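Colleague: Please find one structure pasted underneath; my questions will follow.
The values are calculated or read from the model by the stated rules, or taken from the named source; none is laboratory data. Remember, predicted model here, so these are calculated numbers, not experimental data. Positions of Cβ are generated from backbone atoms using ideal geometry, with glycine treated the same way; all protein chains shown enter the neighbour counts. Protein only, heavy atoms only, side chains kept; ligands, DNA and RNA dropped before computing areas. Shrake-Rupley method; radii C 1.70, N 1.55, O 1.52, S 1.80 Å.
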Amino acid sequence: MTQAALAAGLEPCVHCGFCLQACPTYLVTGDEADSPRGRIALIRGLAGGRLEARDPQVQTHLDRCLGCRACEPVCPSGVSYAPALEASRRRLADERTIPLSVRAVHAVMADRSLGRVVFPLARAVRPLARRFAGPSRLGLAFGMLAATRPRRCPAPKERGAWTPEPQPAEAPTPRRVVVFAGCVQDGLFGHVHRATARVLVANGYEVMEAPDQGCCGALHAHAGQHDDAVRLARQNVRALAALAGDALIAVDAAGCGAMLKEYDRLLAGDPLETDARRVAARTRDVSELLAARGPRRGAPLGLRVAYDPPCHLLHAQGVAREPRQLLAAIDGLDQVTHVGAELCCGSAGSYSLAQPGLSGEVLGYKVEAIRRVRPDVVATGNPGCAMQIGAGLLAAGESIPVVHPVELLDWSYRRAGYYDE
Ligand code: SF4
Ligand code: SF4
């Protein structure tokens, strides 16, 4: 990696500061070096040789970045911050050892044989996890595990007549899709994958299998483990690029979706670059696929829902409208808006392990904002966010379930009688 490549995408920054109020870490610490503008100055210093990767100040403030990318859409100059952050993290990783806890989690995600042991164990103990949930570090870890368990619809059945939406007389030709498996989503949120497949089929898609997929590599890329990220991306590109015809890739984990859509950048110059471009172009968040088909209306649920958009859906992929279209297809669903919904929850991959203090402060704002609107359920489309917000709510003594938006649509479709699984 050249010095210039380190700061690629940052050239347009004119130091205007419009991004400061969008940055969750700046809002907590008030320190310019914890703002996008301050970090851009640090990365430019690294790229220009004026600062060293060993410098503790450089490490501290770049480590504190959530990588949430809230600074990108608000930037009037079009600064592309994420690639420079990843490159600088890669440079820092050359100078020091990544914390053991972070490496251990990333190893479980990357190594499918390890995952085949760890995830079933985690699923076996999670029915008990809620008992040990709390505000301590260990309590939050148990809260995160508790937040992964499948939930039943908490709404009683609505009384009165509801007429299911008739199937169109001439159904469109089913578009074939593969549901991207991932690692944590597959190991702990298999129920979300199954709901995703059901609602896609109910909206006229044909869901196919694609073996040999694995972790998307996003957390490795964000932490500076570039070689691991590239290895994982290659594995997925080999598994997905061979999909026949015009099949699309449906992703129900926003962090994975953002990574897959950027495989062309990650594998630039790689022998698999052309295939990576094909995979990136075919990747869609599940909400985009459903919005493209309406989606089909579902039966009333009578719930108050607070939608919390994952950063890697809203800021990284620019998918804002489609999840709300999905929720609007459910009759009787009352969407309430909490302050700062667009701000990161502090999960940010393995950030809560590496930066527990700041992660907890960022989470605290989120939990208080949600509590104020008293929802029956929180909806968010990323496993890390569901675990972080779920743990934060449990630590605050709240039993509000956190589910994926497709789970709400799935509950609604069951009540509509579109399927009875
Ligand atoms: S990143 Fe964009 S918004 Fe932030 S200081 Fe630079 S030009 Fe301004
Ligand atoms: S990625 Fe998020 S935490 Fe990092 S500088 Fe941008 S807004 Fe701040």
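Colleague: Inside region 57-77, can you point out the residues that are within 15 Å of ligand 1 (Cβ to nearest atom) and either modelled with pLDDT under 95 or among the acidic types (Asp, Glu) (or both)?
Modeller: Across region 57-77, the qualifying residue is only Glu72.
Colleague: Would you say Ala84 is under 27 Å from Asp264 (Cβ atoms) and either in a helix (DSSP H, G or I) or within 23 Å of the chain's Cα centre (by Cα) (or both)?
Modeller: On the way: under 27 Å from Asp264 (Cβ atoms): yes; either in a helix (DSSP H, G or I) or within 23 Å of the chain's Cα centre (by Cα) (or both): yes.
When the stated conditions are applied, Ala84 passes them.
Colleague: With respect to Ile389, is the statement that it is open to solvent by less than 10 Å² (accessible area, probe 1.4 Å) and touching a Cys at 6+ places or on another chain (Cβ under 8 Å) true? Lay out the reasoning, then the answer.
Modeller: On the way: open to solvent by less than 10 Å² (accessible area, probe 1.4 Å): yes; touching a Cys at 6+ places or on another chain (Cβ under 8 Å): yes.
In short, yes.
Colleague: Right, another one. Which residues, taken from region 41-72, are part of a loop (DSSP other than H, G, I, E, B), open to solvent by 40 Å² or more (accessible area, probe 1.4 Å) and away from ligand 2 (no atom under 13 Å from the Cβ)? Full working, then the answer.
Modeller: Quick first cut of region 41-72, residues part of a loop (DSSP other than H, G, I, E, B) only: 48-55, 64-72.
Applying the additional criterion that residues be open to solvent by 40 Å² or more (accessible area, probe 1.4 Å) yields 48-52, 54-55, 64.
Within region 41-72, Gly48, Gly49, Arg50, Leu51, Glu52, Arg54, Asp55 qualify.
Colleague: Just name the residue that is surrounded by the fewest Cβ atoms within 10 Å (Cβ to Cβ) out of those in region 340-368 that are free of Cβ contacts under 8 Å to residues at least 60 places away in the same chain and assigned to a loop (DSSP other than H, G, I, E, B).
Modeller: Per the stated criteria, the residue is Gly340.
Colleague: Same structure, new question: When you scan region 4-38, how many residues do you find that are in a helix (DSSP H, G or I), under 26 Å from the mean Cα position of the chain (by Cα) and away from ligand 1 (no atom under 12 Å from the Cβ)? Lay out the reasoning, then the answer.
Modeller: Going residue by residue through region 4-38, those that are in a helix (DSSP H, G or I) are 4-6, 20-22, 24-29, 32-34, 36-38.
Adding the requirement that they be under 26 Å from the mean Cα position of the chain (by Cα) leaves 6, 20-22, 24-29, 33-34, 36-38.
Restricting the remaining residues to those that are away from ligand 1 (no atom under 12 Å from the Cβ) gives 6, 24-25, 27-29, 33-34.
Final tally of qualifying residues: 8.
Colleague: Among the candidates Cys23, Cys75, which residue alone is within 7 Å of ligand 2 (Cβ to nearest atom) and in contact (Cβ under 8 Å) with a residue 24 or more places away in the chain? First the steps, then the outcome.
Modeller: On the way: Cys75 fails: within 7 Å of ligand 2 (Cβ to nearest atom).
On inspection, the qualifying residue turns out to be Cys23.
Condition check ((1) in a helix (DSSP H, G or I); (2) touching a strand residue (DSSP E or B) at 6+ places or on another chain (Cβ under 8 Å); (3) closer than 26 Å to Pro174 by Cα) across all residues:
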| position | (1), (2), (3) |
| --- | --- |
| Ser287 | yes, no, yes |
| Pro300 | no, yes, no |
| Val305 | no, yes, no |
| Pro309 | no, no, no |
| Ala316 | no, no, no |
| Val319 | no, yes, yes |
| Pro323 | yes, yes, yes |
| Leu326 | yes, no, yes |
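Colleague: Counting just the residues of region 369-381 that are hydrophobic (A, V, I, L, M, F, W, C) and not in a helix (DSSP H, G or I), which one comes out surrounded by the fewest Cβ atoms within 10 Å (Cβ to Cβ)?
Modeller: As a first pass, look at region 369-381 and keep what is hydrophobic (A, V, I, L, M, F, W, C): 369-370, 373, 377-379.
Keeping just the survivors that are not in a helix (DSSP H, G or I) gives 377-379.
Values: Val377: 22, Val378: 24, Ala379: 26.
Among those residues, the one meeting the criterion is Val377.
Colleague: Restrict the check to region 235-257 and report whether at least one residue is open to solvent by 10 Å² or more (accessible area, probe 1.4 Å), more than 24 Å from Gly115 (Cα to Cα) and acidic (Asp, Glu).
Modeller: The answer is yes, given that some residue of region 235-257 is open to solvent by 10 Å² or more (accessible area, probe 1.4 Å), more than 24 Å from Gly115 (Cα to Cα) and acidic (Asp, Glu).
Colleague: State all residues of region 315-339 that are open to solvent by less than 40 Å² (accessible area, probe 1.4 Å) and either closer than 27 Å to Cys153 by Cβ or away from ligand 2 (no atom under 13 Å from the Cβ) (or both); if no residue qualifies, say none.
Modeller: Taking region 315-339 first, the residues open to solvent by less than 40 Å² (accessible area, probe 1.4 Å) are 315-317, 319, 322-323, 326-327, 329-330, 333, 336, 338.
Passing the criteria: Gln317, Val319, Glu322, Pro323, Leu326, Leu327, Ala329, Ile330, Leu333, Val336, His338.
Colleague: Do we have any residue at all in region 79-99 that's open to solvent by 50 Å² or more (accessible area, probe 1.4 Å), within 29 Å of Gln317 (Cβ to Cβ) and away from ligand 2 (no atom under 15 Å from the Cβ)?
Modeller: Let us first name the residues in region 79-99 that are open to solvent by 50 Å² or more (accessible area, probe 1.4 Å), namely 90, 94-97, 99.
Now restrict to residues that are within 29 Å of Gln317 (Cβ to Cβ): 90, 99.
Then keep just the ones that are away from ligand 2 (no atom under 15 Å from the Cβ); that gives 90, 99.
Checked region 79-99: at least one residue is open to solvent by 50 Å² or more (accessible area, probe 1.4 Å), within 29 Å of Gln317 (Cβ to Cβ) and away from ligand 2 (no atom under 15 Å from the Cβ).
Colleague: Applying the selection to region 131-149, what residues are out of contact with any Lys or Arg (no Cβ under 8 Å at 6 or more places or on another chain) and either surrounded by 15 or more Cβ atoms within 10 Å (Cβ to Cβ) or closer than 18 Å to Thr380 by Cα (or both)? Don't jump to the end; show me each part of the working.
Modeller: Pass one, region 131-149, residues out of contact with any Lys or Arg (no Cβ under 8 Å at 6 or more places or on another chain): 131-141, 144, 147.
Matches in region 131-149: Phe132, Ala133, Gly134, Pro135, Gly139, Leu140, Ala141, Met144, Ala147.
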